[in-house]
Amino acid sequence: EAAAAATADLLPRKGRARPHAEKSLGTPDAGAHSLALITRAVHGVLLNHRLDQD
């Protein structure tokens, strides 16, 4: 999540955000944010599964 938030300071050089590079400063990368959410969800499921087995 911290790494996804840190992308707000980066200028996009590729992809759909490239034409709006200056305007996108201050906005985290959507893909990085999505990956952070997915990773958190998977971690929760795996943690619960592990606790159920103990």
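The values are calculated or read from the model by the stated rules, or taken from the named source; none is laboratory data. All figures in this text were calculated on a predicted structure; none of them were measured in a lab. Here Cβ is always computed from backbone atoms with ideal geometry, including for glycine, and neighbour counts include all displayed protein chains. With ligands, DNA and RNA removed, areas are computed over all heavy atoms of the protein, side chains included. Shrake-Rupley method; radii C 1.70, N 1.55, O 1.52, S 1.80 Å.
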> Percent relative contact order of the stretch 2-54, based on C-alpha pairs within less than 8 angstrom and at least six residues apart?
Replying inline: 35 percent
> Taking the simple approach of a point 7 Å from Cα along Cα-to-Cβ for both ARG50 and ALA36, what is their distance in nm?
Replying inline: 2.2 nm
> Percent of accessible area on the chain owned by carbon and sulfur, 1.4 Å probe?
Replying inline: 60 percent
> Just going by the charge dipole of the chain, with Lys and Arg at +1 and Asp and Glu at -1 on Cβ, which of PRO12, ALA41, ALA2 is farthest out on the positive end?
Replying inline: PRO12
>> Taking only Cα atoms of the chain, what ratio of Rg to Rh do you get with Rh as the Kirkwood inverse-distance radius?
In response: 1.24
>> Ignoring everything except DSSP H segments at least 4 long, calculate the 222 nm mean residue ellipticity for the chain; use -39,500 (n - 2.57) per segment, divide by total residues, nearest 500.
In response: -18500 deg cm²/dmol
> With every protein chain present, what is the per residue accessible area of the chain (1.4 Å probe, Å²)?
Replying inline: 88 Å²
>> So if I place +1 on the C-beta of Lys and Arg and -1 on the C-beta of Asp and Glu, and nothing else carries charge, what would the dipole magnitude of the chain be about its Cα centre? I want it in debye, nearest 20.
In response: 380 debye
> In degrees, nearest 10, range 0 to 90: what is the angle between the Cα axis of helix 30-53 and the longest Cα principal axis of the chain?
Replying inline: 10 degrees
